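A short write-up of the structure that comes next.
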Amino acid sequence: MTNRLLGLMFLVLFSMTSWAGKDAVFSTSDGAIRGYDPVAYFSQGRPVKGKSGYKARYQNADWYFSSAENRALFEASPEQYAPQYGGYCAWAVSQGYTASIDPEAWTVHEGKLYLNYSKGVQSDWLEDVPGNIAKANKNWPSLLN
């Protein structure tokens, strides 16, 4: 089996576990987006690891930033910079479930940040971004229940 196929099988099995009352934001011990700076996706066009000295709290999650300027931009308008679907994998949400993300698998589309489980899953997401967004919007946020 290819690594991509194994990854997709894991994603499906992982998503089948029952998580009652998921958090509104996907977060790990490193914080939302696994500690990456959400503003950097827009300002630098790439994922940048945040620093512990630049932290903000939003939607019950800790968010980390690479600079005080990025933290201030986020605090002024978090809905502009926070990833869609609470930072859960956008493709998974379009398919009717939630999954974790890889901060390196990302897309900015029409000014919004979308994260994916892996680069392999991201390639599926990119096959029809507008269609996948439409499906995900119908599923979100009811998947948190």
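Would you be so kind as to identify which of GLY86, TRP125, THR107 lies farthest towards the positive end of the dipole of the chain, taking Lys and Arg as +1 and Asp and Glu as -1 on Cβ and the Cα centre as origin?
Highest projection toward the positive end goes to GLY86.
In nm, to one decimal, how far is the ASN139 label point from the GLU79 one, both placed 7 Å along Cα→Cβ?
It works out to 2.4 nm between the two label points.
Between GLN95, GLN122, GLN44, where does the largest GNM mean-square fluctuation fall for the chain, given springs only between Cα atoms within less than 10 Å?
Judging by the Gaussian network model, the answer is GLN44.
Which of these, VAL48, VAL108, VAL121, has the largest mean-square fluctuation under a Gaussian network model of the chain (Cα springs below 10 Å)?
VAL108
Charges at C-beta only: +1 for Lys and Arg, -1 for Asp and Glu. How large is the resulting dipole of the chain about its Cα centre, in Debye rounded to 20?
160 debye
Using a simple spin-label model with points 7 Å from Cα along the Cα→Cβ vector, what separation in nm is obtained for LYS22 and LYS55?
2.5 nm
Once the Cβ-Cβ distance between ASP30 and LYS112 is put in as r, and R0 is 22 Å, what FRET efficiency do you end up with, to the nearest 0.05?
So, using R0 = 22 Å, E works out to roughly 0.45.
Counting pairs of alpha carbon atoms under 8 Å apart in space and at least six apart in sequence, what relative contact order in percent does the chain give?
The value is 22 percent.
Between 0 and 90 degrees, rounded to the nearest ten: what's the tilt of helix 3-15 against the longest Cα principal axis of the chain?
80 degrees
Given the options GLY120, GLY45, GLY31, state which has the largest fluctuation in a GNM of the chain using a 10 Å cut-off (strictly under) for Cα springs.
The residue that fluctuates most here is GLY45.
Hey, of (1) 11.0; (2) 12.0; (3) 8.4, which did the structure itself give for mean projected area of the Cα convex hull in nm² when calculated?
(3)
Throughout, read-outs are computed from the coordinates displayed, never taken from laboratory work. Quick caveat, the model's predicted, so the values are computed rather than measured. Cβ atoms come from the backbone with ideal geometry, glycine included; neighbour counts cover every protein chain shown.
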